[in-house]
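Right, one structure below, let's go through it.
The values are calculated or read from the model by the stated rules, or taken from the named source; none is laboratory data. Since this is a predicted model, take the numbers as computed values, not measurements. Cβ placement follows ideal geometry from the backbone for every residue including glycine, while neighbour counts extend to all protein chains displayed. What goes into the accessible areas is simple: the full protein's heavy atoms, side chains included, and nothing from ligands, DNA or RNA. Shrake-Rupley method; radii C 1.70, N 1.55, O 1.52, S 1.80 Å.
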Amino acid sequence: MNTTDELKTLEETGTIQTKHPVLAELPAFPLFIASKFVAKSDVKHTISVISVSTTGKTVCIQATNGHVAFRFKFPTTEKFYAKESFLINPKTFDKKVPKAHSIIFNENNYAAFHDSNMNWSESRAWKDLSGVENYPNLEQIYPNDFSNEFKQSFSFNASYLKLISQTVSTYCQKNYYNDPVMTFNGNHSNTAFLITAKVVLKEFEHLEEFAPKLEFLLMPIQIRE
């Protein structure tokens, strides 16, 4: 049964009172993580939202608080996709969403949470109406190449590094030391570092060539002696 048929069945049983088309179906786990990395102040409204963008073949979930950024990319599949780019109010994810959940976003501002036991719960008001064009172009600041030839020390804000490390420690794949690993890649002490961590998501286990990972962008700080 595809997504459209599932929604039709739910509508007929009274679980979902809507006839509006589906905008996207996404894995809930990266959205839950993204909600931790948005700006908390309403003054910074442009970056207090979660961004979902798509090229058709790839979906990208992003968030930033202006100091550290989060990104999760995955290939479009029959199960998970987005028909267009849009912004999400992170308050939709105030409560922890288990890793097994997926979420269907309808165009009438209706989100349906699907758990591992095929149960559904509902949440309205997921949309953020700010224009997608107003969201910062984070992709242009992610480095594509890394020299990793550091000629001097580099320093990071401890609170932002803590946010990243706690996220990785709690949710990412453990290695043979029974502890998740963060990988740092960078170029200079005054350019952004990319921190990555492998994550196991059963939603993508059938994709042999796709290895899910969480990506974090963090700028070093300059220390004046």
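Taking the average, over residues, of other Cβ atoms within 10 Å as the packing measure, peptides 158-167, 140-149, 68-77 rank 68-77, 158-167, 140-149 from highest down.
Label positions at Q152 and E122, each projected 7 Å from the Cα along the C-beta direction, are separated by 5.9 nm. Ordered by solvent-accessible area of protein heavy atoms (1.4 Å probe), largest first, the residues M182, M219 come out as M219, M182. Accessible surface for H67 stands near 90 Å², nearest 10, in the context of the full protein assembly shown (1.4 Å probe). I need the calculated FRET efficiency for the pair T76 and S169, taking r as the beta carbon distance and R₀ as 25 Å, to the nearest 0.05. After rounding to 0.05, the efficiency reads 0.25. Put simply, the amide H of Y142, placed in the peptide plane, has no neighbours under 5 Å, leaving out anything fewer than 5 places away on its chain. Hey, quick one: spin label on H188, modelled 7 Å out along Cα-Cβ, who in the range 127-152 has an amide N within reach, i.e. under 18 Å? Flagged as within label range: 141-152. Along the range 156-162 the Karplus relation, 6.51 cos²θ - 1.76 cosθ + 1.60 evaluated at θ = phi - 60°, assigns HN-Hα couplings of 10, 5, 4, 5, 6, 5, 5 Hz to successive residues, with x for each Gly and Pro. Spacing of the modelled spin labels on N108 and E205, each 7 Å from Cα toward Cβ, amounts to 3.6 nm. Between amide H atoms placed 1.01 Å from N, distances below 5 Å from I221 occur with S155, F156, N157, all of them 5 or more places distant or on a separate chain. For S85, the residues whose modelled amide H falls within less than 5 Å of its own, excluding neighbours fewer than 5 places apart on the same chain, are T54.
Here the Karplus curve 6.51 cos²θ - 1.76 cosθ + 1.60, taken at θ = phi - 60°, turns the phi angles of the range 127-144 into couplings of 6, 10, 8, 4, x, 4, 5, 8, 6, x, 7, 5, 4, 6, 9, 6, x, 9 Hz, with x standing for Gly and Pro. Ignoring any ligand, DNA or RNA, what whole percent of the accessible area of the range 117-225 comes from carbon and sulfur when the probe is 1.4 angstrom? Exposed carbon and sulfur together represent 47 percent of the surface. Taking all protein chains together and rolling a 1.4 Å probe, K174 ends up with roughly 120 Å² accessible.
Note on N144 and I223: the model spin-label points, each 7 Å out from Cα along the C-beta direction, lie 3.3 nm apart.
When the C-alpha to C-alpha distance is required to be over 32 Å, the pairs from K127/K162; K151/K202; K44/K162 that qualify are K151/K202.
Can you put E215, E208 in order of accessible area, largest first, using a 1.4 Å probe?
Highest to lowest solvent-accessible surface, that is E208, E215.
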